[in-house]
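These notes concern the structure reproduced below.
Rule-based calculations on the coordinates, nothing more; no lab input. Since the model is a prediction, treat every value here as computed from it, not as a measurement. Here the Cβ positions follow ideal geometry from the backbone for every residue, glycine too, while neighbour counts run over all protein chains shown.
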Amino acid sequence: MVTRTPQTLDDAVFSSQRKCLTFDQREGPHPFTISSAWHDDGKLFFLIKGIGDYTRTLPNTLKVGDLVKVERPYGCFDFRGSKQRQIWVAGGIGITPFIARMAALEHGSDGKSIDLFYSTSAPDEGFIAKVRALAQAAQVQLHLLVTAKDGRLDVEHICRTVPQWPSADVWFCGPAAFNRAIHRDFSLRGLAANDFHQELFDLR
């Protein structure tokens, strides 16, 4: 059941796996990443960016009380790993699984040292403020890069910012081309294949 539909990212309410949601049987299911920590209250929250004809219509077509079909989760983006340091890399709406994880860590640290690199081309100050506050509460070091001002995020910048990167594993969520570049360049620097984890950003 729909309980609230954010009009914009900064109006959103803050398991990091993808679920397929069906709001309209004629449209069929669409994959979206869970953006909330689990509190055993039966509620899930999603941040949905209007990037296509369908998702742009959702704020106007969905209303409180509408029934939604939620399918099983896909993927295993669970932040488990043997390394005591993690590097998170988010591109645009790829921030969603990291928001969910930070919401969970806000209620209890897992003892890992975490750096989050968030690259965005369309910053929303209200939303960024919420991400900053959540990162601080979760004891995550946030590195924000706005493309127009800071340029594109690359592995050189990440490794320069976190010299201890060889002792970390990398968790990535973002557009496919960005994913390929980050994965390739970390591999060239010697990052083991098992130490690179990615959320499937494009399911359809």
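What FRET efficiency comes out for Ala122 versus Asn194 if R0 is 25 angstrom and r is the Cβ-Cβ distance? Round to the nearest 0.05. Don't skip to the end; give the middle numbers.
Details: r = 33 Å, r/R0 = 1.34.
It comes to 0.15.
For region 60-153, which chymotrypsin sites (Phe, Trp or Tyr not before Pro) pass both filters: DSSP loop (anything but H, G, I, E, B) and at most 16 other C-beta atoms within 10 Å?
Details: sites: Tyr74, Phe77, Phe79, Trp88, Phe98, Phe117, Tyr118, Phe127; in loops: Phe77, Phe79.
Filter output for region 60-153: empty list.
Return the long-range amide H neighbours of Leu142 (sequence gap of 5 or more, or a different chain), with a cut-off of under 5 Å between placed amide H atoms.
Leu116
Amide H neighbours of His197 under 5 Å, counting only residues 5+ apart in sequence or on other chains, H built in-plane at 1.01 Å?
It is Val170, Trp171, Phe172, by chain and number.
I need the calculated FRET efficiency for the pair Lys83 and Leu144, taking r as the beta carbon distance and R₀ as 35 Å, to the nearest 0.05. Don't skip to the answer; put the middle values down first.
Working: r = 23 Å, r/R0 = 0.67.
Rounded to the nearest 0.05, the efficiency is 0.90.
Taking Cα pairs under 8 Å and at least six residues apart, what relative contact order does region 62-185 come out at, in percent? Provide the component values of the computation, followed by the final result.
Values: 150 pairs, mean separation 42.0, N = 124.
It comes to 34 percent, rounded to a whole number.
Report the calculated FRET efficiency for Thr57 and Ala137 (r = Cβ-Cβ distance, R0 = 41 Å), to the nearest 0.05. Spell out each step's value before the answer.
On the way: r = 34 Å, r/R0 = 0.83.
Efficiency computed from Cβ-Cβ geometry: 0.75.
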